[in-house]
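Each reported figure results from applying straightforward, stated rules to the coordinates on display, with no laboratory input. Because the structure is predicted, anything quoted here is derived from the model rather than measured. Every residue, glycine among them, receives a Cβ derived from its backbone with ideal geometry; neighbour counts consider all protein chains shown.
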Amino acid sequence: MINRRYLGALVLGAPMTPAALRAQAALPARRSLDADVPMPAPGRRPWAAQVPQIRIGLMGGENEADRLGRYGAYRELLEQSFGVPVRLFPASDYAGVLQAFSARQIESASLGPSGYAGAWLDTNGGVEPLLVAEERDGSISYVAVMVTRADSGITDLAGMRGRSLAWADANSTSGYLVPRFALRRAGIPVESGQYFSRTGFGGGHEQAVVAVLQRQYDAAVTWTSGQGDIDQGHTRGNLRAMVEKNMLNMRDLRIVWQSDPIINGPLTVRRDLPQGFKDDLAKFHLALPKTHPQIYAQIERGSGTGYRTVTHEQFAFLVEMRREEMAERRRRS
């Protein structure tokens, strides 16, 4: 079984082990804030012979029309930059994108950290991370939050005893994996009918929050940057996106629990793709916030300072967490 103290150190903010500190020290320095990150010159690349089209998986969590709308200008800019067609594949849930990676039906997708770990396991190491979003304070982390209706009378976790809870998606870090780990570590049973009257899946982050607003569940877990104006849903994340789409007034919700920082999910590519493609895609995204800030804000559901390159080692602990969760499921079945 995985060392829970080690996981807690990496995911939940406790002191890091020497190995974790070495991995952090090895973090590549490429950032959108660097002065020398121009947008790649437009034109068809040699790698196009092996990548004649760029297929991008879009994670679930909001309705398909909104996802396609947010990514429309991004798709067009990629086509203009590299001279190959770009196709968007919105999945109904997180598992759909993971399965598309396994079937080699997509080249790239922005995944949550747990989703990346799942794709890495499903493909036997056949995917790799390129970069993650960087928040306004320079960090590369976000938080999971549990939200209730403001008029529910629930003000903290103790008030959730005997109440219902919606997870976002079984492959979500903030909407499932980390809250379950953190609650268990706090001595709170997470299975339905133990501490909570019932638990279930909302069908995505957006849908889980809507289920709370419509009184189908007493609370739900979702993700947010945890920075900036709470009335605007913070600077980035699901709450911010729902506020901007007029689906949510933050005065109608109350945050009753928040995790410690979680590393942001990576832009992920298949490992077998040409290195030139990976390098160009990384450069494109690093330059995107400066050259096309509106497109950047659309795909990130808010804004920070841009992106920072990362390595698989920074997500290795989540691979182990996924393995433990899988083992726990087998024990329960």
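Observations, loosely collected:
- Share antiparallel - DSSP beta bridges, the chain, percent rounded to 5: 70
- Percent RCO, i.e. relative contact order, over the chain, from Cα pairs under 8 Å lying at least 6 residues apart: 28
- For region 82-155 and region 281-309, distance of Cα centres in Å: 16
- Put in line by how crowded their Cβ is, counting other Cβ atoms within 10 Å and starting with the fewest, ILE299, ILE106 read ILE299, ILE106.
- The label-point distance for ARG329 and ASP151, in a model that sets each label 7 Å from Cα toward Cβ, rounds to 3.8 nm.
- For LEU33, residues with placed amide H under 5 Å, excluding near neighbours: TYR307
- Among GLY228, GLY57, GLY126: highest mean-square fluctuation, GNM of the chain, C-alpha pairs under 10 Å: GLY228
- Highest GNM mean-square fluctuation among PRO266, PRO42, PRO90, for the chain modelled with Cα contacts below 10 Å: PRO42.
- Fully extending the segment from ASP279 to ALA170 would add 36.1 nm, taking 0.36 nm per residue of separation and subtracting the current Cα-Cα distance.
- Computed about the Cα centre, the dipole magnitude for region 141-262 is approximately 240 debye when only Lys and Arg (+1) and Asp and Glu (-1) carry charge, each at its Cβ.
- Within straight-line reach of LYS278, meaning a Cα separation under 17 Å, sit the following aspartates and glutamates at least 8 residues removed in sequence or on another chain: GLU79, GLU107, GLU128.
- Calculated FRET efficiency for the pair ASP66/SER197, C-beta based, R₀ 30 Å, to 0.05: 0.40
- Residues whose amide H lies under 5 Å from that of ARG55, counting only those 5 or more places away or on a different chain, are ARG87, GLU107, SER108; hydrogens are built 1.01 Å from N in the peptide plane.
- Here is the tail figure for region 135-178: Cα pairs spaced more than 11 Å apart come to 73 percent of all pairs.
- Label point distance in nm, ARG161-GLU79, each placed 7 Å from Cα along Cα→Cβ: 5.8
- Candidates ARG44, ARG308, ARG55, ranked by Gaussian network fluctuation over the chain, Cα under 10 Å, top entry: ARG44
- Orientation-averaged projected area, Cα convex hull of the chain (nm²): 16.2
- Charges were assigned to the Cβ only: +1 to each Lys and Arg, -1 to each Asp and Glu. The resulting dipole of the chain about its Cα centre is roughly 600 debye.
- Stretchable slack from ARG87 to ASP229, in nm (0.36 nm times residue separation minus alpha-carbon distance): 47.6 nm
- Global geometry of region 243-333, whether rounded, prolate or oblate, following the gyration tensor of its Cα atoms and the 1.5 cut on a/c: oblate
- The reciprocal of the average 1/r between distinct C-alpha atoms defines the Kirkwood hydrodynamic radius, which for region 141-262 equals 13.9 Å.
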